[in-house]
1. Taking the inverse of the average 1/r across all pairs of different Cα atoms in the range 1-42, what Kirkwood radius in Å do you get?
2. For the range 14-78, report the translational diffusion coefficient in µm²/s to the nearest whole number, using Stokes-Einstein at 10 °C, 1.306 mPa s, and a Kirkwood Rh over Cα pairs.
Amino acid sequence: MGNVSDKVLIQQLKELQLDEVVERIDFKEIPPKVEYSLTPFGRSLANALGPLCIWGTQHMVEVERLSQRRQASPDGTTTPGAAKPGA
């Protein structure tokens, strides 16, 4: 999954499982096989996350531009309120 380490992914999935957002199914096979799925509680997040996904899609270019600018900055910060291209 992208650039996330196995350790971080496993830890996040464990936390989501403890929070009852996902459930883990262990097939007890060799090689090991597990599946994760959303619980009803996890599926209820769709109403909250849907608008966030739409916002992210609409602002993807600006978020990427800010991320690149921050990475290029010597101290890793951006200037709040800096002029936006086309503004």
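Bear in mind these aren't lab numbers, they're just calculated from the coordinates by the rules spelled out. This one's a predicted model, so the numbers in the text were calculated from it and none came from an experiment.
1. 11.1
2. 105
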